[in-house]
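Here is the structure we will look at.
The values are calculated or read from the model by the stated rules, or taken from the named source; none is laboratory data. Owing to the predicted nature of the structure, the values given are computational and were not obtained by experimental measurement. Here the Cβ positions follow ideal geometry from the backbone for every residue, glycine too, while neighbour counts run over all protein chains shown. We work out accessible area using only protein heavy atoms, side chains counted, and drop any ligands, DNA or RNA first. Shrake-Rupley method; radii C 1.70, N 1.55, O 1.52, S 1.80 Å.
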Amino acid sequence: MKNILVTGGAGFIGSNFINHILKNRSDIFIVNLDKLTYAGNLNNLKDVENHQNYFFVKGDIVNDELVNYLFQKYEITHVINFAAESHVDRSILGSEVFFRTNVLGTNVLLENAKRFGVEKFVQISTDEVYGSLGPVGEFEETTPLQPNSPYAASKAAADMMALAFYHTYHVPVVITRCSNNYGLYQFPEKLIPLMIINAMNNKKLPVYGDGLNVRDWIYVIDHNKAVEMVLEKGKVGEVYNIGASTEKPNIEIVKLILKQLGKSDKLIEYVKDRPGHDRRYAINSSKIKNELAWQPQYSFESAIKNTINWYLENENWWKEIISGDYQNYYKLQYSSRSN
Ligand code: NAD
Ligand code: TYD
């Protein structure tokens, strides 16, 4: 039995991970430590809340006393650190909480992993630590880090700290760097769910700059299967890139969403660009494919359809979100963007 501390398990990727693991594995016990920030949502975990191999703790990864207590009480053998402030635009509005959670919080988890001698520590990082690409080339694990946003810089700092704990104290760290995810339960501040929900409500779809920035998309289930493989077989001290080779300019995604929802392109509104906006991401995942035999299983065409249909069928999930503090965030974000 593995006793895994999953942090940030009430967020988008973490909740998909917990749902996936508890449905498919009986040899894993999960303690989910989540602060329930604006991005954390226990509705994502309704199907597993009473599962015998699951326990939820509301708390902060920066709280060393709490983290120490959980390691001891649940005899934690593995850590998967999903917890983070994860949105670039919010990091531009204010960077402090990004430094606190993403850097200090990761450090607290690493210190406890060292103290209790865990078997593996999976640090969930991002391709954004590599910076921005021109029209050609891909990020490899050896690409020098050049983070451009406060979010990306805080994730890069956490990566460096994790690798330092491996080299100095032999904490069995493995780092994953994945490209942009989409799927069920994604908070509607990120491109795909924001555009789906705005289109459903006949609201304008704010496209930054010329709409030609490129992201490399992966369905969240494919990402989480890769994380599961890294947990099992990933070599300590190593970094694994994860991606599905699905590069798309933003405007193409926005138009596809409008088409599937039967809405007019007139809803598109080009707005002021994001400051420091990375132009292109593209990830080379040969290493995880060759060494761990991982392969993405979902095509973009079918998984994006599933995703759009899920938002259509789960209005209650997102209506609860957009009726809260979200409106204040939305006004703040987009009042500064009108051209
Ligand atoms: P999210 O914002 O949806 O969820 C983050 C979760 O962390 C929330 O449940 C939140 O309550 C929790 N959290 C925040 N601060 C915390 C703290 N101090 N203590 C405990 N819990 C805290 O994020 P996501 O999109 O699910 O991303 C998960 C991880 O994957 C992040 O580390 C992110 O950097 C990384 N990542 C995300 C993407 C993507 O496309 N979303 C791509 C690559 C990597
Ligand atoms: P986002 O989902 O915030 O992910 P990231 O910045 O981490 O890649 O944004 C994806 C792309 O979509 C990025 O190029 C910014 C762009 N974007 C818009 O054009 N309009 C929006 O309202 C948002 C949220 C993003």
From the list Phe99, Phe56, Phe116, Phe121, exactly one residue is within 15 Å of ligand 1 (Cβ to nearest atom), open to solvent by 60 Å² or more (accessible area, probe 1.4 Å) and on the phi < 0 side of the Ramachandran plot. Which is it?
Phe99
Quick one: which residue in Val48, Val62, Val67 is within 23 Å of Arg90 (Cα to Cα), in contact (Cβ under 8 Å) with a residue 12 or more places away in the chain and touching a helix residue (DSSP H, G or I) at 6+ places or on another chain (Cβ under 6 Å)?
Val62
The range 142-152, subset open to solvent by 40 Å² or more (accessible area, probe 1.4 Å) and in contact (Cβ under 8 Å) with a residue 40 or more places away in the chain, residue farthest from Ile288 (Cα to Cα)
Pro150
Return the residues of the range 260-285 that are more than 21 Å from Asn213 (Cα to Cα) and either without any contact (Cβ under 8 Å) to a residue 12 or more places away in the chain or in the same structural domain as Ala153 (by TED's automatic domain parsing) (or both); say none if nothing qualifies.
Gly262, Ser264
Glu75 vs. criteria assigned to a helix (DSSP H, G or I), away from ligand 1 (no atom under 12 Å from the Cβ) and among the acidic types (Asp, Glu):
no
If Thr307 satisfies all but one of (1) more than 16 Å from ligand 2 (Cβ to nearest atom); (2) under 30 Å from His78 (Cβ atoms); (3) in a helix (DSSP H, G or I); (4) not aliphatic (A, V, I, L, M), what's the number of the condition it fails?
(1)
In the set Ile21, Ile4, Ile80, Ile92, which member is aliphatic (A, V, I, L, M) and within 16 Å of ligand 2 (Cβ to nearest atom)?
Ile92
Selection status of Thr37, open to solvent by 10 Å² or more (accessible area, probe 1.4 Å) and closer than 24 Å to Asn102 by Cα
yes
Among the residues of the range 233-248, is any of a type in the set (D, E, K, R), modelled with pLDDT of 95 or more, within 15 Å of ligand 1 (Cβ to nearest atom) and touching a strand residue (DSSP E or B) at 6+ places or on another chain (Cβ under 9 Å)?
yes
Unmet requirement for Ser299, which otherwise passes all of (1) open to solvent by 70 Å² or more (accessible area, probe 1.4 Å); (2) free of Cβ contacts under 8 Å to residues at least 24 places away in the same chain
(1)
Considering only residues of the range 124-137 that are touching a strand residue (DSSP E or B) at 6+ places or on another chain (Cβ under 6 Å) and outside any strand (DSSP E or B), which is surrounded by the fewest Cβ atoms within 10 Å (Cβ to Cβ)?
Leu133
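Listed here are the residues, each with its yes/no results for (1) closer than 30 Å to Arg337 by Cβ; (2) acidic (Asp, Glu).
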site: Arg90; (1), (2): yes, no
site: Asn107; (1), (2): no, no
site: Pro135; (1), (2): yes, no
site: Glu141; (1), (2): no, yes
Over the range 40-83, the set of residues over 28 Å from Lys319 (Cβ atoms) and aliphatic (A, V, I, L, M) is Ile61, Val62, Leu66, Val67, Leu70, Ile76, Val79, Ile80
Does the range 172-179 include one or more residues that are open to solvent by less than 30 Å² (accessible area, probe 1.4 Å), of a type in the set (A, V, I, L, M, F, W, C) and more than 16 Å from ligand 1 (Cβ to nearest atom)?
no
Output yes when any residue across the range 204-211 is open to solvent by 40 Å² or more (accessible area, probe 1.4 Å), part of a loop (DSSP other than H, G, I, E, B), at negative phi and of a type in the set (Lys, Arg), and no when none is.
yes
Examine the range 193-204 for a residue that is within 13 Å of ligand 1 (Cβ to nearest atom), over 20 Å from Ser338 (Cα atoms) and modelled with pLDDT of 95 or more, and state whether such a residue exists.
yes
